[in-house]
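Student: Structure below; questions to follow.
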Amino acid sequence: GVRGSLQSEVDRTHRDGGFVSVSAEARVGRHRTGADAGVADLKTGKPVPHHGHFRAGSVTKGFVATVLLQLEAEGRLSLDDSVEHSLPGLISGNGNDGRAITLRNLLQHTSGLANYSIVKDFDQTATAFERERWRHYEPEELVAIAVEHPPSFPPADKDDPNPDWEYSNTNYIVAGMVIEKVTGRNWRVELRDRVLAPLGLRDTFAPGDSPWLPRPHARTYKRFPEHRDVWTDTTLRNMSFGGAAAELISTERDLDRFMTALL
């Protein structure tokens with residue numbers, strides 16, 4: 001049945017991926033099936049909680065894109081608008097040009113903008129993780145890190161059948177800034193009022209500078225290159241460096257509800 005096959009897949013992913021914990025939920029109509037593997041806490045061995053909270057990471061981008069598309073549907077912006085139109089002077093220098101980048105380029109990762117979280121080490125090494133762990137970042141700071149580097153390619157034309165493409169968190173940091181410029185309100189507030197509240201997603205939110213996860217939750221761990229044989233607990237951290245690209249906290253059920261409504 002569904003439950004047995006889901007559990008076997010979760011077990012395989014946990015084993016092959018070398019993860020501390022894995023949790024999944026499948027839904028067919030109204031019937032939900034959950035499966036977990038591993039432990040929620042390496043010290044206590046507690047099991048992975050059902051319906052636990054987790055950092056949704058780059059799933060945040062789908063929420064932010066939805067808000068931007070709502071604003072386009074309301075005629076408050078166009079996907080063909082340049083970044084310069086909303087945010088004059090933000091993207092310039094080292095071959096970067098906000099006049100040539102459209103909002104469509106941002107959402108589709110066809111802008112060529114460098115990925116700030118690749119060109120700067122925020123958490124790839126233990127040293128960087130401890131240095132950055134509690135730090136607050138403004139979106140302008142994150143964009144400034146990106147534009148210190150030349151773009152990977154010129155922004156793609158919307159009619160290009162085979163556009164250059166490169167995943168970049170910078171695109172969605174800028175998208176969040178556009179939402180604020182157009183509405184006069186922070187992207188977190190717009191997201192709450194436009195998507196989270198109407199859908200009743202009570203367990204999904206942007207934590208801002210708060211490093212905490214609501215209970216229940218599994219702890220998160222990472223193996224850093226300095227000591228590959230040790231799991232470092234990375235659960236608590238300031239996620240403002242992820243911002244509109246990766247800040248949200250959510251649950252399996254909330255993400256299922258959001259994606260169902262969106263699709």
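The values are calculated or read from the model by the stated rules, or taken from the named source; none is laboratory data. What you are looking at is a predicted structure, and each value in this text was computed from that prediction instead of being measured. Note that each Cβ is placed from the backbone with ideal geometry, even for glycine, and that neighbours are counted across all protein chains shown. Side chains are part of the model used for accessible areas, which takes the heavy atoms of the whole protein and leaves out ligands, DNA and RNA. Shrake-Rupley method; radii C 1.70, N 1.55, O 1.52, S 1.80 Å.
Student: Would you check if His149 is open to solvent by 30 Å² or more (accessible area, probe 1.4 Å) and touching a Ser or Thr at 6+ places or on another chain (Cβ under 9 Å)?
Tutor: Answer is no for this residue.
Student: Then there is this: Within the range 1-48, which residues are among the β-branched types (Val, Ile, Thr) and assigned to a loop (DSSP other than H, G, I, E, B)? Walk me through it before giving the result.
Tutor: To start, the set of residues in the range 1-48 that are among the β-branched types (Val, Ile, Thr) comprises 2, 10, 13, 20, 22, 28, 33, 39, 44, 48.
Answer for the range 1-48, where residues must be among the β-branched types (Val, Ile, Thr) and assigned to a loop (DSSP other than H, G, I, E, B): Val20, Thr44, Val48.
Student: Another one. Based on what the data block shows, is Met239 under 18 Å from the mean Cα position of the chain (by Cα), open to solvent by less than 40 Å² (accessible area, probe 1.4 Å) and under 24 Å from Gly62 (Cβ atoms)? Lay out the reasoning, then the answer.
Tutor: Numbers: under 18 Å from the mean Cα position of the chain (by Cα): yes; open to solvent by less than 40 Å² (accessible area, probe 1.4 Å): yes; under 24 Å from Gly62 (Cβ atoms): yes.
Answer is yes for this residue.
Student: Moving to a separate point now. For residues that are touching a residue at least 12 places away in the same chain (Cβ under 8 Å) and either within 18 Å of Ala37 (Cα to Cα) or not polar (S, T, N, Q) (or both), tally how many sit in the range 216-234. Outline the logic, then answer.
Tutor: We begin by selecting, within the range 216-234, every residue touching a residue at least 12 places away in the same chain (Cβ under 8 Å); these are 216-222, 224-227, 231-234.
So of that shortlist, the ones also either within 18 Å of Ala37 (Cα to Cα) or not polar (S, T, N, Q) (or both) come out as 216-222, 224-227, 231, 233.
Final tally of qualifying residues: 13.
Student: Continuing with the same structure: Considering each of Val28, Val67 in turn, give the residue that is surrounded by 15 or more Cβ atoms within 10 Å (Cβ to Cβ) and touching a residue at least 24 places away in the same chain (Cβ under 8 Å). Write out each step before concluding.
Tutor: Numbers: Val28 fails: surrounded by 15 or more Cβ atoms within 10 Å (Cβ to Cβ).
From the options Val28, Val67, the qualifying one is Val67.
Student: Quick check on my filter: what residues within the range 204-215 are assigned to a loop (DSSP other than H, G, I, E, B) and open to solvent by 60 Å² or more (accessible area, probe 1.4 Å)? Lay out the reasoning, then the answer.
Tutor: Step one: filter the range 204-215 for residues assigned to a loop (DSSP other than H, G, I, E, B), giving 204, 206-215.
Within the range 204-215, Asp209, Trp212, Arg215 meet the criteria.
Student: A further question on this structure: If a residue must be open to solvent by 10 Å² or more (accessible area, probe 1.4 Å) and touching a Pro at 6+ places or on another chain (Cβ under 8 Å), how many such residues does the range 100-113 contain?
Tutor: Going through the range 100-113, the residues open to solvent by 10 Å² or more (accessible area, probe 1.4 Å) turn out to be 100, 102, 104, 107-109.
From what is left, the residues that are touching a Pro at 6+ places or on another chain (Cβ under 8 Å) are 100, 102, 108.
Going through the range 100-113 one residue at a time, the tally reaches 3.
Student: Also, quick follow-up: Give just the number: which of (1) part of a loop (DSSP other than H, G, I, E, B); (2) farther than 27 Å from Met177 by Cα does Glu226 not satisfy?
Tutor: Glu226 satisfies all of (1) part of a loop (DSSP other than H, G, I, E, B); (2) farther than 27 Å from Met177 by Cα except (1).
Student: Inside the range 235-263, can you point out the residues that are touching an Asp or Glu at 6+ places or on another chain (Cβ under 7 Å) and either farther than 18 Å from Gly52 by Cα or outside any helix (DSSP H, G or I) (or both)?
Tutor: Residues satisfying the conditions are Asn238, Met239, Ser240, Phe241, Ser250, Thr251.
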